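The values are calculated or read from the model by the stated rules, or taken from the named source; none is laboratory data. Keep in mind that this is a model prediction, so the values were computed, not measured. Every residue, glycine among them, receives a Cβ derived from its backbone with ideal geometry; neighbour counts consider all protein chains shown.
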Amino acid sequence: MSQNTTTALAFDATDPVALTQALIRCPSVTPAEGGALALLAEVLTIEGFSVERPVFSEPGMPDIENLYARIGTEGPVLAIAGHTDVVPPGDLAAWTHAPFAAEIVDGTLYGRGACDMKGGLASMVAAVIRYRREQPQAPGSIAFLITGDEEGPAVNGTVKLLEWALARGERFDHCLLGEPTNPATMSDMIKIGRRGSLTGKLTVTGIQGHVGYPHLAQNPIRGMVRLLAGLDAAPLDTGTEHFDPSNLEVTTLDVGNPATNVIPAQARAVFNIRFNDLWTPETLAGEIERRLHEAAGNAVRYEIAFDPTNAVAFLTKPGPFVAMVADAVEAETGKRPALSTTGGTSDARFIKNHCPVVEYGVVGQTMHQIDERVAIADLLALERITHRLLTSYFAAAPAT
């Protein structure tokens, strides 16, 4: 294994800042690979990893490039997961620093993906390389599961990469996912689970008519108000030990009516529920249907449809591996992080079917925003935290 990457690369791969800059300069807006996976493949190949880049397809979806890399042949196997795809930059003129320039100003690195999640991924890659250079005969194996489809449909990404790897006989004992979990400082938060997500589309049908002759019409807005009130009349639950209460939010409400003197024929609403581990998508849909039926009685004509979802609630129960990650954070920051299940969904929802997964990364305050950025100090801290975790993990592999 090479001990010096500078002969092949323009930077040292153990430098998380330089690696983050190089990744940001790859315009990998979903579903474009943008050169980001090619860069990581080059870096990891130089360091002795076996690297493969499977492409997955699905009718009606863009083909997606992914990356799988492994070093070592024995257990335990620690997987490090992440994504190189990013959301679109939006209005380029609104950026203080060009979104793919990776400029550093006053100790802060700017660019799309800086915190979500090229910075986190680069810091972990750099830590792994430093660890393996220092301990080339280290026990166990390290695998990278990297996708280009986390910010998109998430159909041809991690879920298929895992299936592909398992079909080849790969197995994983634990996984660290480098999403930006920290709200404000690097000592804030580890994610040990995620809420599920269910989207419902509700249509209420009335009878269109003249507002001056309401007896000849039926206003669907009244029915919609009645149904939404029924959905919101009582909490879905009160939460669990590790999860906040499930919450339903109406995200659109529309009648498509430009006329002020016409009672519309239909009213439509869309709502999204972020639910905890008391529910599955099926049981939650059943509860929503029950509430709507009760609220409608015989007075409201409606239809409800639920979008397909692969976002289910899950929990990695606190245990040796979770404690090991928390120990590493505390050792490097001086403060023990909280264990959380807040936020949106992530690819951890797929990984949890194969091994315990914990999420930890940089501060995510500016993810998906104009002038997305990450503190240089946070990149360096994450590299140290990951290096410490690797040392502890392979010194005494935790039980699942």
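Right, Gln369: outside any helix (DSSP H, G or I), closer than 29 Å to Asn276 by Cα and without any contact (Cβ under 8 Å) to a residue 60 or more places away in the chain or not? In short, yes. Scanning region 286-318 for residues that are more than 13 Å from Ser246 (Cβ to Cβ), assigned to a helix (DSSP H, G or I) and out of contact with any Gly (no Cβ under 6 Å at 6 or more places or on another chain) yields a count of 7.
For region 285-293, indicate whether the set of residues that are under 30 Å from Ala396 (Cβ atoms) and either of a type outside the set (A, V, I, L, M) or out of contact with any helix residue (DSSP H, G or I) (no Cβ under 8 Å at 6 or more places or on another chain) (or both) is non-empty.
Taking region 285-293 and keeping what is under 30 Å from Ala396 (Cβ atoms), we get none.
Looking through region 285-293, none of the residues is under 30 Å from Ala396 (Cβ atoms) and either of a type outside the set (A, V, I, L, M) or out of contact with any helix residue (DSSP H, G or I) (no Cβ under 8 Å at 6 or more places or on another chain) (or both).
Out of (1) assigned to a loop (DSSP other than H, G, I, E, B); (2) within 37 Å of the chain's Cα centre (by Cα); (3) not assigned by TED's automatic domain parsing to the domain that holds Val325, what's the single condition that is false for Leu202? Of the numbered conditions (1) assigned to a loop (DSSP other than H, G, I, E, B); (2) within 37 Å of the chain's Cα centre (by Cα); (3) not assigned by TED's automatic domain parsing to the domain that holds Val325, the odd one out for Leu202 is (1).
Would region 69-89 turn up any residue that is hydroxyl-bearing (Ser, Thr, Tyr) and over 16 Å from the mean Cα position of the chain (by Cα)? Yes.
Table: residues versus (1) surrounded by 17 or more Cβ atoms within 10 Å (Cβ to Cβ); (2) of a type in the set (Ser, Thr, Tyr); (3) more than 23 Å from Gly193 (Cα to Cα).
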residue	(1), (2), (3)
Ala299	no, no, yes
Ala311	yes, no, no
Ala328	yes, no, no
Asp347	yes, no, no
His354	yes, no, no
Leu379	yes, no, yes
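Which strands (runs of 3 or more DSSP E) sit wholly inside region 27-140 and have at least 2 residues that are in contact with a strand residue (DSSP E or B) (Cβ under 8 Å, 6 or more places away or on another chain), in the same structural domain as Cys355 (by TED's automatic domain parsing) and over 27 Å from Asp378 (Cβ atoms)? Quick ask: steps written out before the conclusion?
Values: elements: 50-52, 55-58, 61-71, 77-83, 108-110.
Passing ranges, in order: 50-52, 55-58, 61-71.
Determine whether region 144-161 contains at least one residue that is part of a strand (DSSP E or B) and surrounded by fewer than 24 Cβ atoms within 10 Å (Cβ to Cβ). Within region 144-161 (the criterion being part of a strand (DSSP E or B) and surrounded by fewer than 24 Cβ atoms within 10 Å (Cβ to Cβ)), the answer is yes, since at least one residue qualifies. State which residue is modelled with the highest pLDDT when the search covers only region 372-400 and only residues that are over 30 Å from Ala93 (Cα atoms) and not in a helix (DSSP H, G or I). Among those that are over 30 Å from Ala93 (Cα atoms) and not in a helix (DSSP H, G or I), it is Ala396. Here Gly343 passes the criteria (1) on the phi > 0 side of the Ramachandran plot; (2) small (Gly, Ala, Ser); (3) in a helix (DSSP H, G or I) except the one numbered (3). For region 225-255, taking the residues that are assigned to a loop (DSSP other than H, G, I, E, B) and without any contact (Cβ under 8 Å) to a residue 12 or more places away in the chain, the one that is nearest to the chain's Cα centre (by Cα) is identified as Glu241. Inside region 209-231, residues that are surrounded by fewer than 16 Cβ atoms within 10 Å (Cβ to Cβ) and either over 18 Å from Glu294 (Cα atoms) or acidic (Asp, Glu) (or both) make up a count of 7. Scanning region 284-297 for residues that are closer than 13 Å to Leu231 by Cβ, free of Cβ contacts under 8 Å to residues at least 40 places away in the same chain and either in contact with a strand residue (DSSP E or B) (Cβ under 8 Å, 6 or more places away or on another chain) or exposed (fewer than 12 other Cβ atoms within 10 Å of the Cβ) (or both) yields Glu289, Arg290.
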